[in-house]
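Throughout, read-outs are computed from the coordinates displayed, never taken from laboratory work. Note that the structure is predicted; figures quoted are calculated from it, not measured. Cβ placement follows ideal geometry from the backbone for every residue including glycine, while neighbour counts extend to all protein chains displayed.
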């Protein structure tokens, strides 16, 4: 039987499953939608990026209500938005309505990426925090895999196949909306609201040996007055979160996730194979994320990032070379992209939300989480909007795109090796002290 912290962490992490599904499912529908509404490459890029524009807004606004009304209430609102997005996209009768509901789903994704990891980090014992916070990322890649799988299943079902692909999300979204009501509020948030009597029994169930001392430590870790994120003493966590989030997207991960079938068609695959090959990508993503979850608390966040950087550089460079030699691209691109996904999942994919949730102190954690998520999603929107424009506008668009991603990962390797701290096995308050922001 699952322990209490594990059970409630996994319920909260269902927001990550819907995050992943919402992110990847458009890959199966985007070319049909482009033909249905006769969209240019620019407007097709916008259609795909409309969800990401919503994620930018969601990541910006989620921190404040999570701080004011609590993590649980915001997670409940996120679940409702996922349900509305799935229903609305499936039954949209015109492009404008489709954009509206994709945008709504994007707001849910952006909010999830802030509040989900924040909640899980706050309810997790230090020795389990890496694995439990990582469960959010594991659910993201599980959602991506299921989206690719359902896209493949529905691909041959006729002109409304894209509606089935997008609408099936209403089932897990409804389940999340029901289960999220069974989890407790974050005891750290309750303590900061001076609701010690409510926080104490939750801490007991989470395995805290001395709840009174833990509550005192939480209160001592915050200032007596409201703190602003953008001040000199928070320089390090701000820079670490922003750069890690930027490099996450500069790897090209979301261009691959959103446009996987198109990429494989560019490499010479026929349409049926182009829908099947993303399933392999999703399976590799899931397997190597699960592998990373077994190692993140043993080897640490920094070690995983260093290993992943080396692998991503190699496989992105090989993908670029394959697209520069079109006669051999088809047989090699799928292998190189699976290699890239494996190293991404093992490193950046597993670490980003864990690390951002850990490095900010209690009194600005919601603001810091919003900043990291905002940076991640604004970069995702830029990469995903421009990708179809680049690849349709140049015979060597694939080559130039993947070469750029490889160079960015070389810079990421240097950043991690030279500057990033290790946070494994430390309480959130201890991390704060070691970074000199106590």
Relative contact order (%) - the stretch 282-385, alpha-carbon pairs under 8 angstrom, separation at least six: 34
Gained length - residue 210 relative to residue 325, 0.36 nm times residue gap less alpha-carbon distance: 35.1 nm
Relative contact order computed over the chain (Cα-Cα under 8 Å; 6+ residues apart), in percent: 26
Peptides 137-144, 195-202, 360-367 ordered by average Cβ neighbours within 10 Å, highest first: 137-144, 360-367, 195-202
Value of relative contact order over the stretch 41-103, rounded to a whole percent, pairs C-alpha under 8 Å and six or more apart: 44
Efficiency of FRET between residue 42 and residue 96 - r from beta-carbon atoms, R0 25 angstrom, step 0.05: 0.90
Helix 301-324 axis, angle to the chain major axis (alpha carbon atoms, nearest 10°): 10
Using alpha-carbon coordinates, inclination of helix 170-179 to the longest axis of the chain, degrees: 10
Virtual spin-label span in nm between residue 7 and residue 149, 7 Å along Cα→Cβ: 2.5
Rounded if a/c under 1.5, otherwise prolate or oblate - the stretch 138-247, Cα gyration tensor axes: oblate
Extension gain, residue 171 back to residue 314 (0.36 nm per residue minus Cα-Cα distance, nm): 47.6 nm
222 nm mean residue ellipticity, helices alone, for the chain (DSSP H n ≥ 4; -39,500 (n - 2.57); rounded to 500): -26500 deg cm²/dmol
Förster-model FRET efficiency, 41 Å R0, residue 396 and residue 434, C-beta, rounded to 0.05: 0.30
Nearest 10 degrees, 0 to 90: helix 95-123 Cα axis against the chain principal axis: 40
Contour excess over end-to-end distance, with Cα ends at residue 273 and residue 69 and 0.36 nm allotted per residue: 68.7 nm
